[in-house]
Structures are given as C-alpha cells and as structure tokens.
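The values are calculated or read from the model by the stated rules, or taken from the named source; none is laboratory data. What you see is a predicted model, and the numbers here were worked out from it, not measured in a lab. FYI the Cβ positions are ideal-geometry reconstructions off the backbone, even for glycines, and counts take in every protein chain you see.
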Amino acid sequence: MATMIIEGKGVQAASGETYEVRNPATGEVVDKVPAGGAEDVDRAARAAAKAQLTWGKLAPAERAKILHKAAASAREKVDVIGPLLTLEQGKTLLESKLEAERFADNIAWFADLADKVHGQHVNLASTKLTGLVVRRPIGVTGAIVPWNFPLTLAANKIAPSIAAGNCVVLKPSTTTPLATLAAVQALIDGGLPEGVVNVVLGRETGEAIVMHPLIRKIGLTGSTPTGKEVMAKAARHLKKLTLELGGSDPCLIMEDADLDAAAAGVRVGRFFNAGQQCLSTKRVFVHEAVFDEFLEKMTAQAQRLKVGNGMEKETRMGPMHTDTQRGEVEAQVKDALDAGARIVYGGGRPEGDGFDKGNFMNPVILTDVPAGSRMLSEEVFGPALPIVKISDLDEGIRLANDSPYGLGSSIWTRNMAYAFRAINEIEAGYTWVNSVQIAYDELPFGGTKQSGFGKEHGVEAFHEYTEMKSVVIGGLG
Ligand code: NAD
C-alpha cells in the first residue's frame, strides 16, 4: 500500500482511514492509499516550515546541484512512474512516459535558475543612500493539482518553488496519487532533503492547505468553480495565489492555411489525453473557402485515434478518467445534437470485449453546432470537437473571444497581418501561430478572464515564488 510522504518518510493518515485508487480502463483496484485530513496537512506544513530553515538558506549553487541530482533520479525512474500513471489515470503509455519525462525536465529547468536570482540596484535621487531590491523565498507553499496531468502540473508548482528556496505541501487529486508519490520519492532518493516536498492525500487536504496559517502561497490547477472557492478562502489569510483554471481555446483556420498541418495540430490539440486538457483546442473556426476540405482532413486525422486500454501499445486514446467525466461530455454533445448539430465523425462508446468495464468513449467531431450551445459556451473536457464555419477573420476573432475563458488560442494562416491581428486581439494567455498547442518551459503560461491568473513556466513563474524586498543602505561612508 502506498503512503503519504511527510518529512521524507512514508506515513499513514492520522485517522487511519484509506481509500482505493481504481483503473479507469478496467475498474480494478490499483492500490490503496491513506485518506488524509487537516491533521496530516498540519504535520506536513510543520515539516515544510522546519525544512525551510535550512533549505531557504542554502547557497543557491548548492540548491541547484541538489535539484539537478534529484531531477536525474526522477528521469531514471520514468519507466516505473509512467506505467503507474497509465494505471491510475487511463492515458496511453506514450503519454504517461512523456509526462514522467516532463516532470524531471521541469525540475531540472528550474534547477538552472536556482542560482540566478537577480535583484536591482536603484539610485535614490538626491540622497547618498543606496537602494536595492532583493528577492527572497516566500516560505511554505501549497500545491493543489487535478487528475488530468498529475505529474506536469505538480512539477509546474514544485519546481519553481523549491528552486527559489521554498518548501512545499503538495496535494494530488484523490484519484491520481500514485505516480506523484513515486515521482516525489524519486526526488528524495536522488538527494532532495526531507521536508522540502511533502505529499498529502485525501479530499479534505485541499481545503486544509488553503486554510493552514503556515502556508503562504497556493498554486492551484483545477476547475474555475474550485478556483473561485479557493480564492475566497485564501482571502481570509491574504495568501498569494496562482490559479490555473478551465479553458475553451479557440483555433482559427484561415483560407490560406496549410490544412494538413492544421488538422494534425488540432488532432493533438484536441485529442491528446482523451481531450482532458485545460490547454486544448476546444472550438475550431474554419474559413468557408476551405471548410469542407478541412473537415475531410480532420476526419482522416481522427481515424488514427485507436481507442483502448492505455497499457496496450497500439492504443492512441485511453478511456475517460471517470464515468462522471464521460457522462458530462456526452451530455454536452447531446445538447448540441438536440439543437441541430451534425456528427461528421465518430461518437458513441466503443463496444466489445475490453470496453465494458472502462470509461471509454469514441472521439467525435461535430458541425452546425449552434451559438450558445453547451459545447461552445462551456469547457468540454473530453474528445469532442465542434467545427464552426466563418466568413472572415473579424467573425473568427469575435467568436474566439465570445467565451468566459481565456487560456490558449491558435491561428493557422500564411498571412502575417492575420497572424498579428490574432496575437493582438484574441483574449488569451497564449497564441500559437502555425504551431501545435504545446506549452514551453521558457514561456510564461497562464490564463486571463475566468481561466485564472498568475504564471507557471518561465522566469516569471520563478519570480512568483519569490518576494521582493526594498532595502535602503546608509551610514557606510
Ligand atoms: P477540480 O477543481 O475538481 O480539482 C482540482 C484539485 O483541487 C483537486 O486536487 C481537488 O481535490 C482540489 N480541490 C477541489 N475543491 C477544493 C477546495 N474547495 N479547496 C481546495 N482544494 C480543492 O478539478 P479537476 O476536475 O481535478 O480537473 C479538471 C479541471 O482542471 C478542468 O476545469 C481543467 O480545465 C482544469 N485544469 C486547468 C489547467 C490550467 O493550467 N489552466 C490545467 C489542467 C486542468
């Protein structure tokens, strides 16, 4: 049985309670884990605060060295961590391996920054005093993570935090704790000191992290309603927040686009991880001159998505993570069909041996989806893609912005003027031009509008895990 990790040791919940983690492809129990609560969060927060006293004061180059070794240890275990992720989450082995590698890469990327904290020197006009702006660690930070990308979304919070000299209490989603435990254990095996990253499990631990007085900043990835609730509760303690929330990314495909590249890009953008992605092409707007041709190419791309158990090598799309999640997406598709939409490709559930016990659903592409229907106004967290015809770029940009969300966006065109209009006018935290929606370590990532605020990735994320202090120095001659 897996355990929580507090102060470098495996621990059970204070209550002694446990729960089962199940495989979304088979319904079988993968493991049992502790169902922690507020008492366990308190223990973890105290362990982190204790570790902070030494970790925060280490010479930055020493911290960088430790983190590089820890990252290398996580990289060595990719072949163990990856399959564990498939078993608990459902995604394909290929996707899991990529994610386990990204975890290690992200720790290493921020390890490179650990000894490059820069401040400023500022002339204090009309005085002989010296002004400095220095950056310090914040203290203990909390990381709350959803089930769709348990490892990368944990790394997005842990890596900049510990590189900047903070310690962390991490809470994975209740349904996906196992790969995270294995990845954090790999960091510890690689030399990460005890208490620097602690992992607590159980539904109640999220709120306990938000309410704990020792935890000064929360990084949350989750749904927009959860973000609002966390923000309201964090306000009571005036905690700093990074909120990475829902999205409904638009993709514009113009009359001059490379349609083969666009269709391949949309396949990855929409169907990777069975469409259970925040940053994902969820609404496609195609110019009428190339609409039919694009539908054909998109259909051909979707035909490549062989649905099956993620543990099988030939599978290209695993099951939905939960039955509830599948039901939600099916209801959104039904709402569109009832309002007059038409299925261009796919739909329904796969049948036959091996499918009856899992949360499988086929990819589905729809057109004639009416404005205002759920698929265009809500986040669709699954393999369902609405394709809408537009007559020009003005219409495309207007529809792209007609959403409460503002996370990612993309445009496929060879026209620089079109591209720059999209860059300047689409309300989102990211715009890809003729490229697949993949987030890069080097670029700050985060949403606008109801997709949240704050940045992960990039030097900007590192800075979000530091505090600036102004210093005035006099009396030195
Ligand atoms: P969720 O909001 O239900 O849960 C996310 C995490 O928050 C879980 O660990 C959960 O236990 C915890 N949580 C829930 N309520 C809480 C509360 N009141 N206080 C503290 N913690 C609480 O989300 P989910 O269903 O696990 O994940 C899917 C959602 O996450 C989607 O909306 C998706 O768009 C979003 N997401 C966003 C990004 C991004 O970077 N913007 C990335 C991935 C997923």
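General observations
- Residue within the stretch 252-263 that is without any contact (Cβ under 8 Å) to a residue 40 or more places away in the chain, more than 15 Å from the ligand (Cβ to nearest atom) and buried (at least 23 other Cβ atoms within 10 Å of the Cβ) present: yes
- Phe291 part of a helix (DSSP H, G or I), closer than 30 Å to Tyr418 by Cα and within 16 Å of the ligand (Cβ to nearest atom): no
- In the stretch 305-346, the residues that are within 16 Å of the ligand (Cβ to nearest atom), part of a helix (DSSP H, G or I) and not charged (D, E, K, R): Thr324, Gln325, Gly327, Val329, Ala331, Gln332
- Among the residues making up the stretch 423-441, a single one is outside any loop (DSSP other than H, G, I, E, B) and under 15 Å from Lys282 (Cα atoms): Trp432.
- Meets criteria (within 9 Å of the ligand (Cβ to nearest atom), at negative phi and within 22 Å of the chain's Cα centre (by Cα)) for Val197: no
- Among the residues of the stretch 424-434, some residue qualifies, meaning at least one is over 20 Å from Ile387 (Cα atoms), buried (at least 20 other Cβ atoms within 10 Å of the Cβ) and assigned by TED's automatic domain parsing to the domain that holds Ser377.
- Condition met for Leu385 (more than 26 Å from Ala143 (Cα to Cα) and more than 21 Å from the chain's Cα centre (by Cα)): no
- Residue within the stretch 31-44 that is more than 18 Å from Leu214 (Cα to Cα), without any contact (Cβ under 8 Å) to a residue 12 or more places away in the chain and surrounded by fewer than 18 Cβ atoms within 10 Å (Cβ to Cβ) present: no
- When residues in the stretch 373-422 are screened for being surrounded by fewer than 22 Cβ atoms within 10 Å (Cβ to Cβ) and part of a loop (DSSP other than H, G, I, E, B), 9 of them pass.
- Whichever residue in the stretch 228-245 is near the ligand (Cβ under 7 Å from one of its atoms) and touching a residue at least 12 places away in the same chain (Cβ under 8 Å) and, among such residues, is farthest from the chain's Cα centre (by Cα): Lys233
- Consider the stretch 166-224 and keep the residues that are of a type in the set (Gly, Ala, Ser) and closer than 27 Å to Pro60 by Cβ. The one that is surrounded by the most Cβ atoms within 10 Å (Cβ to Cβ) is Ala183.
- Complete set of residues in the stretch 95-122 that are without any contact (Cβ under 8 Å) to a residue 24 or more places away in the chain, under 30 Å from Val307 (Cβ atoms) and out of contact with any Gly (no Cβ under 8 Å at 6 or more places or on another chain): Leu98
- Scanning the stretch 137-175 for residues that are within 19 Å of Phe445 (Cα to Cα) and among the aliphatic types (A, V, I, L, M) yields Ala143, Ile144, Val145, Leu151, Leu153, Ala154, Ala155, Ile158, Ala159, Ile162, Ala163, Ala164.
- Taken over the stretch 47-72, the criterion of being buried (at least 20 other Cβ atoms within 10 Å of the Cβ) and either of a type in the set (Ser, Thr, Tyr) or under 18 Å from Val199 (Cα atoms) (or both) is satisfied by Ala47, Ala48, Ala51, Gln52, Trp55, Leu67, Ala70, Ala71.
- Boolean, Ala274 is in contact with a Lys or Arg (Cβ under 8 Å, 6 or more places away or on another chain) and either at pLDDT 95 or above or more than 23 Å from Ile390 (Cα to Cα) (or both): yes
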